[in-house]
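Down below is the structure, laid out as structure tokens.
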Amino acid sequence: MLNDLAMGVRLAVGGGRNSRTTLVRLVLGTVGVGLAVWVLLVAAAIQPAMQAQSERVSARTPVNHEQLPGVDALEVARSATSFHGVLIERNFVRATGPNTPRMPGVDRLPGPGESVVSPALAKLLASPGSALLKPRLSEPIVGTIGQAGLSQPQELLAIIGTDTKFDQAVPAYRFGVPDLHSELPTQLVIILVVGLVTLLIPVFIFVASSARVAGAERDRRLAALRLVGAGARQVRRIAAAESLVSTVFGLLLGGGLFLLLRSSSADIVVANENFFPSDLTPPAWLVGSILVGVPVLALMTTQLALRSTVIEPLGVVRQAKPVTRRMLWRLVVIAVGVALLLVTDGEMADDTIEMLKIIGGSTLLLVGVPTLLPWVLERVVARFRGGGGPSFQLAMRRLQLDPGTPARVVGGLAVVLAGAVALQMVLMGQLNRFGAPPEGARDIDMSNMVFVDGPGKVPDDLPAAWAKVPGVTKTYAVSTLMATTGNDPGAVDAIIPITVADCANLRQAAAVSECADGDAFMAQGQDLIHPGAVLHLLNSAEPFDSYRTRPFTGTLRLPLAIQRISIGPDSYAFGGVLLTPGAVNASAPLDYRTAGVVVTDRANADAQEEVLNVADRHRDRLKVGRPGLVTLNDTAQMFLDLRKGLLTGSLFTLLVASVSLLVVALEQMRERRRAIAALSATGVPTSTLVRSLLWQNAIPMFVALVLAVATGVGLGLLVFRLMGLGFVVDWSTIGVMAATAAGLILVITTLTLPTLKSATHLNALRTE
């Protein structure tokens, strides 16, 4: 047995006159397996990396609900800003005594007028184009935040010492809370499980395809060994050892690529995410599973490939062509997958048994694509009875002789497409459910706007200072109130936002035409209130999201004369009631909040930065931000993070699929070089061979696309049923995905043309 294994290794690494051919065969198999192993290692490391990020964020979260003896509170105020659309977090800290806790990642807290920043922010501030950012981060830098205080290497974070008391500051007696990572709702668990299955199943198919590289040449070598006395069992052991060589080299290549990616992960940003190298550490049991599972899969693929081949001393006899492919077992695979998803309880998706049903059902459905594709393709091409040009006839005859090989070339990409279709359907169906903006809001581009919010009335100098900034096209700042029609402070239902501003600002905010002090306006369709109504005022000094717990602070009587106006989606008014100062009739002093909007010229990229610099003079009480910095609830944020990760993973898998399919296509072209050379020697033009190759890939591609879309839609339908949702299909997105997959097949075909041209040389006919 050891001798047989050694013989397989020697055949794999080559020697003698055929060493170059053997080397090419070994490299192709190694690359295919290596890419798959790389993807598996990255997938295994993502969850620990995300967990490490979450733990560091939890460790730096201030604890303000328990006062510790002998500890002086550290007041922490978070004030985010942005620079050319990039979020920058700022924590303003003020010590209330000598024994204040220290934030993670810093050697000492900065004193008033000092700052410590993350390495990425220090690099940004030192860059030539940061002049407009420095006014908001003008404090001298006295230190750098270490890894313990950063969620990721490229995080832009500053800790700034101050002696000013911020309105939004919270006292911190220590730092570190239990992991903030919340458990996923069952709907997100289903999305995550299905997403991971659709991303990883193609990888295992790539491993299986790579293990069959140069199968025809291997069979001829095994036939030669039979000629010199090797038995059938010896031949299988030799073939197993030969496939293991490329698998082992693939494991080394994949591990090397992963270590290379890991070492440079701090400088790689994908979908605004990046990791410290120490974060990308996959669990030992997963690494062990990959090291064992990939060779086992390669061995199984090799042995299954030999089941339909009789290797005799004088040649190789393939049994596949005379025997028609059977349909029953292929349908059983799909039927079992559908049955598992039908019997799954979607509301218990986080249960281990139910999760295994989802994994098993999704896996079998996706595996059904490459198993069903050869049978469908065989039936399609069998109906050809002649006709068409020479290139088409050559292609159809080739597909009739061997439909399995072309199916393998496009099968992997078809699985990726099927999974992407199902995943995109589910994600699109969940957008509105988890807090994504409504469809109408997406039609308004607010990228050139800056919003202001904070307690108190509008600072007197703010609107005039904004108006002086070059590139500002519209600006206003108003005072707002929150009121209700109810009489019970503990049962607040209908909230009435009220805007109080002079006529100049109201003209900017709501396009009011005629206005004088003492006028009042109400939006069309506002049926909750009427002229002369008495509203109960709420404590507007608190943030908007706490209105249901606010006590009443007084009453406000609306004027008897109120003009109805139209407030469209392109206006910037806050609330349905707009009052001039002379129209305010309140029973007590009012708790105003400042609300403002600045609109800048899109052609002036620096205008927004100037606006942010002006507003930052009032950073102790005003929150200034852009539409992209809106805070979402935890579930919505988890969904968006999950969606971003799965879509990024789909793109990554698609790229790896393309490279892997190119490897398989090149190997198939190399194995057919003698047949191509024979056609060329008999006078077939190279252009005809090129068109024939295009037909050979285009026909299986079309069949694969139809099968993949049908499978993806079916899987999406079953997942929608698990989640209790109505079935929706975004055919435009599916069309784009199918066109992308078809384009990749054409690109891969084009890249194989140089190999086709070299195969037309007469020396490719040389044999013994």
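Sorting Lys134, Lys474, Lys457, Lys468 by solvent-accessible area of protein heavy atoms yields Lys468, Lys457, Lys134, Lys474, largest first, with a 1.4 Å probe. Using a probe of 1.4 Å, the accessible surface attributed to Thr755 totals some 40 Å² when neighbouring protein chains are kept in position. For region 334-414, the Stokes-Einstein estimate of translational diffusion at 4 °C and a viscosity of 1.567 mPa s comes to 87 µm²/s, using the Kirkwood hydrodynamic radius over alpha-carbon pairs.
State the percentage of accessible surface on region 47-120 attributable to carbon and sulfur atoms; use a 1.4 Å probe and exclude ligands, DNA and RNA. On region 47-120, the fraction of accessible area on carbon and sulfur atoms equals 51 percent. Averaged per residue, region 81-155 has 44 square angstrom of accessible surface, using a 1.4 angstrom probe with ligands and nucleic acids left out. Taking amide H positions as modeled 1.01 Å from N, with prolines and chain starts lacking one, the residues under 5 Å from Thr100 and 5 or more places away or on another chain are Asp72.
Phe702: accessible area at probe 1.4 Å, nearest 10 Å²? Rounded to the nearest 10, the figure is 130 Å².
The accessible-area ordering, largest first, of the residues Leu373, Leu253 stands as Leu253, Leu373, per a 1.4 angstrom probe.
Taking the accessible area of region 689-736, probe 1.4 Å, and keeping the other protein chains in place, the carbon and sulfur fraction comes to 75%.
Solvent-accessible surface (1.4 Å probe) assigned to Lys165 amounts to roughly 120 Å². The listed residues Glu89, Glu55 rank as Glu55, Glu89 when sorted by accessible area, largest first, using a 1.4 Å probe.
The values are calculated or read from the model by the stated rules, or taken from the named source; none is laboratory data. Predicted, not measured: the structure shown is a model, and the values here were computed from it. Accessible surface is based on the protein model in full, side chains and every heavy atom, while ligands, DNA and RNA are left aside. Shrake-Rupley method; radii C 1.70, N 1.55, O 1.52, S 1.80 Å.
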